[in-house]
Amino acid sequence: MPAYRAALLPLLFTLTLSGCASLSSLSQPSLDEEAGEALRLAHTLRDNQRYQAAYEVYARMDERGQLKGSYLLEYASIAATVRPAGEALALYQRTRAELGGNPAKLPAEQTLALCSGLGRAHLALGRAALAERDFRCAVRAVPDDTQALNGLGVAYNLQRRERDARTQFEKALEIDPSYAPALNNLALSWLASGDSAKAIGLLNQARGQGDIALQLNLALAYVFSGHDDTAQAVLLENMEAQYAGQILQQFRNARARVDAGAPLASELLAASQQPLALSEQN
């Protein structure tokens with residue numbers, strides 16, 4: 001897998017629980033008093049972003065045979081945030097079988113949650129073609145879901161279908177121009193193709209969002225287009241001079257390696273990991 005395509009993957013998983021809360025509006029299996037109390041606890045933990053604790057409650061309920069239908073889908077969605085992709089995939093596949101085996105026949109909210117979950121798991125396992133199938137299912141159910149469109153774009157990109165990928169990223173941005181994962185993916189795609197001007201134009205549109213990944217990629221694009229002073233100014237907008245200088249030097253080093261013949265894709269992958277270096281500022 002080309003490195004810049006791997007760099008797109010982290011941007012897909014910023015919001016993995018879309019649709020999870022809306023499942024509560026669907027018809028739910030009946031529960032006894034003990035199971036109902038446990039489920040309320042799981043929901044409280046989930047809503048407070050305590051996903052590991054919520055997962056443990058769902059797991060205990062599952063061991064007791066208390067999870068059926070849409071509750072099993074909730075469990076899979078939570079597991080996807082804290083467990084390896086293979087485990088999450090197995091839960092989503094079990095959910096699909098539990099719900100009849102054909103996601104297209106489910107209510108749209110369930111189809112979206114199930115197919116998107118399957119797609120994310122397949123992407124994480126490097127199965128782009130299967131992920132494409134799943135995200136197509138999600139988009140058919142809810143055509144204006146930005147996460148599903150973004151996921152489909154990533155699946156296309158991993159299969160070297162850049163034009164199709166950009167179409168999906170652009171559709172997501174037409175629906176929500178502030179949706180950072182699609183914007184970042186689209187910009188990275190253009191930057192990887194050597195078109196830093198298009199990447200800069202896209203990222204400049206979102207300059208005021210305060211998203212650190214967008215800011216770093218904008219600075220990177222400026223460095224690769226030879227505008228180091230502008231890149232430095234971008235970095236200084238939201239970080240201390242010491243860290244801005246370190247990152248700018250890393251970007252310059254990356255440009256030098258590319259000029260010396262290193263693959264641009266590898267340098268973009270390294271750049272996508274730069275936000276980790278900022279943790280010392282917190």
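The values are calculated or read from the model by the stated rules, or taken from the named source; none is laboratory data. Model, not experiment: these values are computed from the prediction. Quick reminder, even Gly has a Cβ in these numbers, built from the backbone with ideal geometry, and neighbours come from all protein chains shown. Just so you know, the surface numbers come from the protein's heavy atoms only, side chains and all, with ligands and any DNA or RNA stripped out. Shrake-Rupley method; radii C 1.70, N 1.55, O 1.52, S 1.80 Å.
Data table
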| item | result |
| --- | --- |
| Residue-by-residue Karplus 3J(HN,Hα) for the range 163-168, coefficients 6.51, -1.76, 1.60, Hz, glycine and proline x | 5, 4, 4, 5, 4, 5 |
| For the range 140-247: accessible area per residue (Å², 1.4 Å) | 42 Å² |
| The range 169-253, accessible surface, carbon-and-sulfur percent (1.4 angstrom probe) | 46 percent |
| Rounded accessible area of L218 (nearest 10 Å², 1.4 Å probe) | 0 Å² |
| Spin-label pair R50/D144, simplified geometry with 7 Å Cα→Cβ offset, distance in nm | 3.6 nm |
| Cross-link reach list, lysines versus K68, counting only Cα pairs under 26 Å and skipping chain neighbours closer than eight places | K105 |
| Residues of type lysines that K198 reaches as a straight line, Cα spacing below 26 Å, ignoring anything fewer than 8 places off in the same chain | K171 |
| Whole-percent carbon and sulfur share, accessible surface of the range 19-136, 1.4 Å | 46 percent |
| Relative intensity, log₁₀ I(q)/I(0), of the range 32-174 from a Debye sum that treats every alpha carbon as a point, q = 0.14, 0.16, 0.19, 0.21 Å⁻¹ | -0.66, -0.83, -1.08, -1.22 |
